[in-house]
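Beneath this line is the structure, given in structure tokens, with notes to follow.
The values are calculated or read from the model by the stated rules, or taken from the named source; none is laboratory data. All values reported here derive from a predicted model rather than from experimental measurement. Neighbour counts are summed over all protein chains in view; Cβ atoms, including those assigned to glycine, are modelled from backbone coordinates with ideal geometry.
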Amino acid sequence: MDNEKKLCGIYMRVSTEDQAREGFSLPEQKERLEAYCKFNNYKIVEYYTDAGISAKTGNHRPEYDRMLEDGKQGKINMIIALKLDRITRSTRDWETLMDYLEKYNVNIAFVNDDINTTTANGKMVSRIMMSVSQNEIERTSERTIIGLEGAIKQGHIPARAPLGYKHIDKKLVPDPLTKDIVIRIYNLYFEGLTYNTIAKLFNKEKVLDKTNWCDTGILKIISNVIYKGDYIQGKTTRNPRYFPDVVEPIVSKELWDSCQVQKKKNQRNYMRSQTYIFLQKLKCPKCGRILAGGASHKIKSDKWYYYYRCEKCRGNIREHEIEDSIKGLLSDIFEYDSVVNEFFLPVLQNKIHNPKEDFEKEITNLNNKKIRIRKAYIDELFTEEEYKEETNIIENKIKDLQKKILENEQISKLNLSVDDILVKRDMDFINSIKLPILYNAFVDSWDGLEREEKAEIVMKYIDDIELELVNNKYKVKLTNFRSTFYKDFKSLFDKGYIDWKRKIVHSFNGFCVDGKVRYSEYLPAKEVYRHLMRLNECYEVNFYKGYLQKKTEELKMLPLHKGDVVVRIFSTEKDDDSKEILGMGMFVTKDSPNDIKVDIPDLFECIPDIEN
């Protein structure tokens with residue numbers, strides 16, 4: 001082929017703004033490639049351009065495919081590209097391409113890398129460079145894992161602090177306010193009380209002001225190795241890692257081990273009452289009866305299987321089928337609950353109504369009552385036993401109130417507002433994209449909840465789940481929310497403080513795709529800028545403009561680049577019925593952790609300050 005006229009196909013691909021700044025933009029690529037062909041007296045037959053498409057294995061690149069087909073047909077016999085990574089970063093894909101080149105007598109040259117496969121040395125160098133590129137990717141992955149392991153060994157546990165612990169200076173340390181509760185659980189269990197008995201006792205005493213203590217929650221505490229100072233990373237994966245003695249223990253290893261022995265003894269005689277996640281939420285589509293819950297136990301695998309049935313029509317549906325049908329919805333509801341209800345609303349309510357004065361007033365009343373009881377005892381109106389009992393009750397109430405005052409003071413120090421809700425939700429989403437392993441460790445998910453917790457979420461937010469008959473089988477048709485949840489959510493959504501996944505037809509890079517994106521309501525330009533600046537304190541986040549065709553629900557935005565991920569889409573102007581086109585904005589980040597600007601634990605434990 002050396003004596004043949006080189007009929008060249010110029011291949012160009014651009015993906016990110018960073019690459020464009022480094023000289024990878026399409027016009028610059030074209031100019032340099034044309035100059036290379038002119039210098040070598042190559043004839044340019046065709047141009048092939050893939051804009052905004054990654055060279056990742058499995059991605060469809062229409063222009064790349066068209067170029068290979070032209071090579072098969074003999075229209076071109078030489079491919080010219082700027083760099084090797086414009087074609088691929090995978091050694092497997094590269095070897096496939098090399099087979100193609102040999103089979104159809106086509107060569108390839110990379111201008112910047114000075115590689116030309118018309119020679120044997122050129123082919124060898126290309127293989128070496130591709131191996132180096134892939135090796136660097138694999139080494140980066142290894143460094144991430146090694147860094148995580150090093151942090152764990154120093155006590156930086158990448159997970160939400162369990163009961164009895166808290167995070168101080170990024171380390172997990174015993175919490176003096178709650179660690180005694182954990183110690184008591186272990187002692188009670190070691191003394192012979194069952195999970196169920198301990199849960200009932202705690203509910204009766206309203207420990208931590210809770211009346212929803214459950215047997216599985218107690219079991220989770222008893223089984224958690226963190227309480228003896230150890231940690232299991234990747235517990236639900238195929239290759240979990242066990243780290244001994246990484247945090248200060250709350251109970252001794254001897255007590256922990258003894259409780260595990262006690263657990264095996266109790267399993268023979270203990271059968272907990274069943275919890276049904278969707279109980280009272282399902283109706284038979286035939287007769288309208290509420291479905292009853294049922295469960296079966298496989299002794300060999302020691303697994304429980306849950307289902308719901310109509311006692312009249314004999315129809316049934318498995319619980320996991322309902323979860324699978326609305327898994328995305330359930331995950332969104334849990335995310336809303338954990339971010340808004342469990343974190344922000346207590347803080348906001350505390351700012352609106354500070355109960356510290358009420359607590360202090362109640363303590364004063366209790367101390368006065370204790371004085372009156374003592375006087376009554378001196379006057380022999382009480383027996384010594386009655387006096388001690390009444391005094392003990394009052395002192396316990398005073399301790400609880402003092403603890404609430406301390407907790408209230410801690411909450412008051414948090415400088416949070418409703419604007420932080422959306423920042424927090426965006427950060428959670430970005431973390432799930434850039435740091436999926438750490439995100440799953442730090443943030444609870446629907447799949448990681450106990451059955452009782454799942455049932456509580458469903459009871460709180462879902463009114464009922466409509467079923468329909470499909471091929472004589474029950475299937476999920478529609479989920480109806482409780483009116484109180486819808487009202488609260490809509491109020492926050494209308495103000496632009498929270499987002500929701502919305503089905504929309506979005507047009508990126510010239511392609512229309514049906515799918516769901518995170519969407520929030522109108523935000524003024526000032527708030528958009530402030531929000532963007534806050535996110536950019538932690539990552540590189542860009543803002544794109546576009547518009548929405550309201551009639552077709554088609555979203556027109558600027559082309560995405562390689563590695564771009566849409567964080568959230570929102571309207572940039574107020575909507576009314578007279579408008580057919582609505583201005584839109586979009587926050588975009590990269591799917592790589594390379595642009596993170598702060599210490600990784602800070603991404604999960606703090607929120608950027610508001611810029612004035």
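Observations on the model:
- Any hit, the stretch 111-128, residues being at pLDDT 85 or above and part of a strand (DSSP E or B): no
- Just so you know, in the stretch 470-489 the residues that are in contact with a Leu (Cβ under 7 Å, 6 or more places away or on another chain) and at pLDDT 90 or above include one that is farthest from Arg314 (Cα to Cα), and it is Lys477.
- Residue pairs meeting the criteria (Cβ under 8 Å; at least 6 apart or on separate chains; first under 9 Å from Gln274 (Cβ atoms), in the stretch 293-309; second in a strand (DSSP E or B) and among the small types (Gly, Ala, Ser)): Trp304/Ala295; Trp304/Ser296; Tyr306/Gly293; Tyr306/Gly294; Tyr306/Ala295
- Residues located in the stretch 515-531, provided they are buried (at least 16 other Cβ atoms within 10 Å of the Cβ), touching a strand residue (DSSP E or B) at 6+ places or on another chain (Cβ under 6 Å) and either closer than 18 Å to Asp595 by Cβ or of a type in the set (D, E, K, R) (or both): Arg518
- Some residue of the stretch 330-342 being among the aromatic types (Phe, Trp, Tyr) and farther than 30 Å from Asp426 by Cα: no
- Residue that is surrounded by the fewest Cβ atoms within 10 Å (Cβ to Cβ) [pool: residues in the stretch 173-182 that are of a type outside the set (D, E, K, R) and over 9 Å from Tyr227 (Cβ atoms)]: Pro176
- The stretch 170-204 - residue that is charged (D, E, K, R) and touching a residue at least 60 places away in the same chain (Cβ under 8 Å) and, of those, nearest to Ile250 (Cα to Cα): Lys179
- Candidate set: the stretch 537-565, residues that are out of contact with any helix residue (DSSP H, G or I) (no Cβ under 7 Å at 6 or more places or on another chain) and either in contact (Cβ under 8 Å) with a residue 60 or more places away in the chain or not assigned by TED's automatic domain parsing to the domain that holds Ile430 (or both); chosen: the one surrounded by the fewest Cβ atoms within 10 Å (Cβ to Cβ): Glu537
- Inside the stretch 197-242, residues that are in a helix (DSSP H, G or I) and surrounded by fewer than 19 Cβ atoms within 10 Å (Cβ to Cβ) make up a count of 13.
- Looking only at the stretch 220-246, residues that are of a type in the set (Val, Ile, Thr), touching a strand residue (DSSP E or B) at 6+ places or on another chain (Cβ under 8 Å) and at pLDDT 85 or above come to 2 in all.
- Verdict on Ile607 being exposed (fewer than 14 other Cβ atoms within 10 Å of the Cβ) and touching a residue at least 12 places away in the same chain (Cβ under 8 Å): no
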